[in-house]
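K.L.:
One structure is given below, represented as structure tokens, and several questions about it will come after.
Please treat every number below as a calculation from the coordinates, not as lab data. Just so we're clear, the structure is a prediction, and the values are computed from it rather than from any experiment. Cβ: placed from backbone, ideal geometry, glycine included. Neighbour counts: every protein chain shown.
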Amino acid sequence: MLLNETQPIVAMHKTSTALQFAKGRIAAIKEHETHWIPNTDVYATDSGLVIKVELAGMQRENLELTVDGSQLRIAGHRPDGCRSPHCKFLAMEINYGVFESVIEVPDGCDLARGQAVYQNGFLRVDIPFSIARATSGVEE
């Protein structure tokens, strides 16, 4: 899915890198449905980029990762399976329902060789630097 001008977008720019995060709505969301954007850390290591997404209470089969060009899309649905249908909230800080995060991966990263692992409530995606970038930084 590509973001278009009719979808709300929140953009964040990191000053120390060329990373740009584009976070938007899932096209399938109906007007009455809620949606949320999970907390995400993105950082560079010596070998590549790491994207870590906080997704407690999820099942692997409820996560969807797709690549479109230089964009990584992480989407899914977190159900609230332990709530009584007739409860009255005093506080509600945990997000449930449909979510999506679209991350624009910078040049020099090889999304095709990315590896994802979901463990202990965190999704971790490791994206290695492309071979061209890795070899260009080596001193001879």
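K.L.:
So which pairs qualify, if the first residue must be in the stretch 70-87 and more than 23 Å from GLU104 (Cβ to Cβ), the second must be outside any loop (DSSP other than H, G, I, E, B) and of a type in the set (Phe, Trp, Tyr), the Cβ gap must be under 7 Å, and the two must be at least 6 apart or on different chains?
P.N.:
ARG78/PHE99
K.L.:
Ok, one more. Scan the stretch 35-61 for residues that are within 14 Å of the chain's Cα centre (by Cα) and free of Cβ contacts under 8 Å to residues at least 40 places away in the same chain and jot them down.
P.N.:
ASN39, ASP41, TYR43 - these are the residues of the stretch 35-61 that are within 14 Å of the chain's Cα centre (by Cα) and free of Cβ contacts under 8 Å to residues at least 40 places away in the same chain.
K.L.:
Determine whether the stretch 104-115 contains at least one residue that is over 22 Å from ALA44 (Cβ atoms) and small (Gly, Ala, Ser).
P.N.:
Within the stretch 104-115, none of the residues are over 22 Å from ALA44 (Cβ atoms) and small (Gly, Ala, Ser).
K.L.:
Hey, which of the strands (runs of 3 or more DSSP E) in the stretch 46-115, taking only ones fully inside, have at least 1 residues that are of a type in the set (Gly, Ala, Ser) and crowded, with 18+ Cβ neighbours inside 10 Å?
P.N.:
48-54, 71-78, 97-104
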